[in-house]
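One structure is given here, and the rest of the page talks about it.
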Amino acid sequence: IDLSGAAPSVRMVRAPRGRWDPRERMRFEGDDAERDEHLERLLTSIFGALAGPARAEHPDYQDLGTPLEIVMEFEPEDIGRGTGTGRGLPSTFAAQDLLSSVASETERTTDVLLDVPWSSEQSIEYVLPPGARILRAPRALDVASEDLEYARTVGEPDVDPGGRVRVRIVERIAFRTHRVPVERYAAFRELARQIDDAQRETLDYELCCG
């Protein structure tokens, strides 16, 4: 996500695996108009309004022997929010909101039935303007239970040859089981709370006047 220019620009790569592979192939099959419509719907659901049409490198969706990888480039109208003299950037674009879904109840008298076990990994590299100073970074975190695990790493700011400041955030979440027994629900819900709190954290920065 490049924020070093006059307007934000994003290059996003999606590489679904397992059962998500055929689902994604089905969504993008069709003519160019149908693909463009799905692409815009997908990106606006993640990033909000776009400043212009998105572009995508579409692979051969019929080639089932090659792992699916879709490369998209686009310009969102905005990324993050203002924080006084600086800006706060999301630490994730795949927030789970677990306390509003699978862990919404304070107590359970029956097991929680989940989908099949699955995992997802997301890597974000922010490219900030020269002179950007990090005010606050998301915490690194590594937590797990019998049913759920979450890990996040946050790289140290790195200045590239052009003076731009790069920060990488990598997170992984995995549901280990398809059923959470009543006796494990309290631990499951506490871990869900930690994950929700972590995913609300932001990368805050300001531009230094030098």
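The values are calculated or read from the model by the stated rules, or taken from the named source; none is laboratory data. Since the structure is predicted, the reported quantities are computational estimates derived from the model, not experimental observations. Ideal geometry is used to build each Cβ from the backbone, glycine not excepted, and the neighbour counts take in all protein chains shown. Heavy atoms of the whole protein, side chains included, go into the accessibility calculation; ligands, DNA and RNA do not. Shrake-Rupley method; radii C 1.70, N 1.55, O 1.52, S 1.80 Å.
If each residue of separation counts as 0.36 nm, what is the full-extension length gain between Ser120 and Ala49 once their alpha-carbon separation is subtracted?
Numbers: separation 71, 0.36 × 71 = 25.56 nm, distance 2.47 nm.
Extending this stretch completely gives an extra 23.1 nm.
Select from Thr106, Pro67, Ala51 the residue farthest towards the positive end of the dipole of the chain; place +1 on Cβ of Lys and Arg, -1 on Cβ of Asp and Glu, and compute about the Cα centre. Projecting each Cα onto the dipole axis, the largest value belongs to Thr106.
Only helices enter the 222 nm calculation for the chain: every DSSP H run of n ≥ 4 contributes -39,500 (n - 2.57), and dividing by all residues gives -7000 deg cm²/dmol, rounded to 500.
Segment 180-198 and segment 32-76 have Cα centres spaced 34 Å apart. The label-point distance for Glu206 and Ala95, in a model that sets each label 7 Å from Cα toward Cβ, rounds to 2.4 nm.
Solvent-accessible area per residue for the chain at a 1.4 Å probe radius, Å²?
Accessible area per residue, the chain: 56 Å².
Checking every one of the trypsin sites (Lys or Arg not before Pro) in segment 108-183 against DSSP loop status and a limit of 13 other Cβ atoms within 10 Å picks out Arg139. Highest GNM mean-square fluctuation among Thr44, Thr177, Thr66, for the chain modelled with Cα contacts below 10 Å: Thr66. In segment 38-91, carbon and sulfur make up what percent of the accessible area (probe 1.4 Å)? C and S fraction of accessible area: 49 percent.
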